[in-house]
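Undergrad: Take this structure, written in C-alpha cells, and hold onto it; I'll ask about it next.
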Amino acid sequence: MTYRNKKLTQLAKDAPCACCGKQDGTVVYAHSNLLAHGKGRGLKASDAAGMFLCYTCHTELDQGKSMDKAERAEFTHRMIANTYIYLMENGYLGVVCR
C-alpha cells in the first residue's frame, strides 16, 4: 500500500518552494517521478517522497528541457531533502523514540 497523508500534502500551500524559496500561492506538494519512490504508469509516488515546489519549478521538473534524466533524479532527491528539512525545522515532523 502506498503511503498517503493529506495533512502532509496540504502543508505545501503555506510553505516556500524547496528550490527557489518563492511563496507566491502556487506551491504544491509535487510527488517524485522516480520508480524507486513508487511512481508507475497511472500511479503517484508515495506521499513520503514529495517536495514543495512552486508552479515554475514543478513545471521545469516535469516538462522542462534543462535537465537530463540523471539531473532530474538528483534534483528530486535534493528537493525532497530540502522539504523534509523545512518540515522538521518548523515543527511539522519530529522523532518519536520508543
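The values are calculated or read from the model by the stated rules, or taken from the named source; none is laboratory data. Computed from a predicted model, the values in this text were never measured in an experiment. So basically every Cβ, Gly included, is an ideal-geometry build from the backbone, and we count neighbours across all protein chains shown. We work out accessible area using only protein heavy atoms, side chains counted, and drop any ligands, DNA or RNA first. Shrake-Rupley method; radii C 1.70, N 1.55, O 1.52, S 1.80 Å.
Undergrad: Cys97 is checked against (1) open to solvent by 80 Å² or more (accessible area, probe 1.4 Å); (2) modelled with pLDDT of 95 or more and fails just one. What number does that condition carry?
TA: Unmet condition: (2).
Undergrad: Taking into account only those residues within the stretch 64-89 that are open to solvent by 70 Å² or more (accessible area, probe 1.4 Å) and under 14 Å from the mean Cα position of the chain (by Cα), which is nearest to Cys20 (Cα to Cα)?
TA: Residue satisfying both the conditions and the ranking: Arg78.
Undergrad: I need the full set of residues from the stretch 32-63 which are surrounded by 18 or more Cβ atoms within 10 Å (Cβ to Cβ), of a type in the set (Gly, Ala, Ser) and in a loop (DSSP other than H, G, I, E, B), in order please.
TA: Listed by number, the residues that qualify are Ser32, Ala45, Ala49.
Undergrad: Please state which one of Tyr3, Tyr92, Tyr29 is surrounded by 19 or more Cβ atoms within 10 Å (Cβ to Cβ), among the hydroxyl-bearing types (Ser, Thr, Tyr) and not in a helix (DSSP H, G or I).
TA: Matching residue, one of Tyr3, Tyr92, Tyr29: Tyr29.
Undergrad: Are any of the residues in the stretch 65-81 without any contact (Cβ under 8 Å) to a residue 12 or more places away in the chain and among the β-branched types (Val, Ile, Thr)?
TA: For the stretch 65-81, residues without any contact (Cβ under 8 Å) to a residue 12 or more places away in the chain and among the β-branched types (Val, Ile, Thr): absent.
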